[in-house]
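The values are calculated or read from the model by the stated rules, or taken from the named source; none is laboratory data. If you're wondering where the values come from, they're calculated on a predicted model, not measured in any experiment. Here the Cβ is made from the backbone with ideal geometry for all residues, glycine too, and neighbour counts use every protein chain on show.
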Amino acid sequence: MTQPVIALSGPPGAGKTTIGRWLANEMGAARINYDDYEQMTRRSPDEVAAWLSRDAPIDEIPAPGLPEAVNKARQQQAVVYETPLGRAWTPTRDMITLSIWIETPLDLALARKLQIIATAWQEKGGPVAPCTQWFKGHLHAYESIIRPSLLVQMERVRKRADVVVHNDLDLQRTRDQVKAALGRAAD
């Protein structure tokens, strides 16, 4: 018998990992993070722009091994699945028991993403110049390909979610919304 899979979706910086860690701990669940499998960010800006120009087919997003990992984990225990794609991505769509969209304003999500990168870079003790270059590249690509990709995500993933919770500035409020959603799903 398979166990429930709770999908947490939202833009980068929405809090999927923070909420996912907390929720997996609360539930005694396995945690699977899409970021450990994704390959879309390895594509060049031109490849991503071409993908966007073809109406951004979600199922073309590569994540080798991810469906197998989710399926294997759900055979053993409940799973918290952190994925920006939710039920919009066919390879794991039917495995998801409850899909939660974490609504976060894009400016706040971007600020969080940049803070996460800066903190990680600082902890590694890396030189400042490459980090500055990464920020410049990310912000340059934000307007042309990242923001348009996020708008596609919001349109296609959000509407397939069972529940929308809000994660603006109060993490405890977001946790309470997730707990309430799980309670309603159990009823």
Within region 17-59, track down each residue that is touching a residue at least 60 places away in the same chain (Cβ under 8 Å) and not in a helix (DSSP H, G or I). Ala56
Search result, residues across region 118-130 that are part of a helix (DSSP H, G or I) and surrounded by fewer than 16 Cβ atoms within 10 Å (Cβ to Cβ): Ala118, Thr119, Ala120, Gln122, Glu123, Lys124, Val128, Ala129, Pro130
Output for Cβ contacts, cut-off 6 Å, separation at least six or different chains, first residue in contact (Cβ under 8 Å) with a residue 24 or more places away in the chain in region 159-187, second acidic (Asp, Glu), reads Val164/Glu103; His166/Glu103
Whichever residue in region 60-73 is outside any helix (DSSP H, G or I) and at negative phi and, among such residues, is surrounded by the fewest Cβ atoms within 10 Å (Cβ to Cβ): Pro64
Assess whether Thr92 counts as being hydroxyl-bearing (Ser, Thr, Tyr), assigned to a helix (DSSP H, G or I) and modelled with pLDDT of 95 or more. yes
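Determine whether Ala186 is of a type in the set (A, V, I, L, M, F, W, C), within 18 Å of the chain's Cα centre (by Cα) and closer than 30 Å to Val5 by Cβ. It would help to see each step written out before you state the result.
Values: of a type in the set (A, V, I, L, M, F, W, C): yes; within 18 Å of the chain's Cα centre (by Cα): no; closer than 30 Å to Val5 by Cβ: yes.
So Ala186 does not fit the description; no.
Within region 74-89, which residues are in a helix (DSSP H, G or I) and not basic (Lys, Arg)?
From region 74-89, those in a helix (DSSP H, G or I) are 74, 86-88; that's our starting set.
Matches in region 74-89: Gly86, Ala88.
Give the residues of region 145-181 that are touching a strand residue (DSSP E or B) at 6+ places or on another chain (Cβ under 7 Å) and either surrounded by fewer than 18 Cβ atoms within 10 Å (Cβ to Cβ) or in a helix (DSSP H, G or I) (or both), sorted by residue number.
Taking region 145-181 and keeping what is touching a strand residue (DSSP E or B) at 6+ places or on another chain (Cβ under 7 Å), we get 157-158, 160-167, 174, 177-178, 181.
Result: Val157, Arg158, Arg160, Asp162, Val163, Val164, His166, Thr174, Gln177, Val178, Ala181.
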Would you mind finding the one in Ala109, Ala7 that is in contact with a Gly (Cβ under 7 Å, 6 or more places away or on another chain) and modelled with pLDDT under 95? Ala109
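Among the residues of region 1-16, what is the count of those that are among the aliphatic types (A, V, I, L, M), within 24 Å of Lys159 (Cβ to Cβ) and outside any strand (DSSP E or B)?
The first filter runs over region 1-16 and keeps only residues among the aliphatic types (A, V, I, L, M), leaving 1, 5-8, 14.
Those left that are additionally within 24 Å of Lys159 (Cβ to Cβ): 5-8, 14.
This time we only want the ones that are outside any strand (DSSP E or B), so: 14.
Within region 1-16, residues that are among the aliphatic types (A, V, I, L, M), within 24 Å of Lys159 (Cβ to Cβ) and outside any strand (DSSP E or B) number 1.
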Checking the structure you have, find out if any residue of region 132-146 is small (Gly, Ala, Ser) and either at positive phi or in contact with a His (Cβ under 7 Å, 6 or more places away or on another chain) (or both). no
Within the bounds of region 133-144, is there any residue that is farther than 19 Å from Arg42 by Cα, surrounded by fewer than 16 Cβ atoms within 10 Å (Cβ to Cβ) and in contact (Cβ under 8 Å) with a residue 24 or more places away in the chain? no
Looking at (1) more than 15 Å from Gly20 (Cβ to Cβ); (2) modelled with pLDDT of 95 or more; (3) more than 19 Å from the chain's Cα centre (by Cα), can you tell me which one Gln77 breaks? (1)
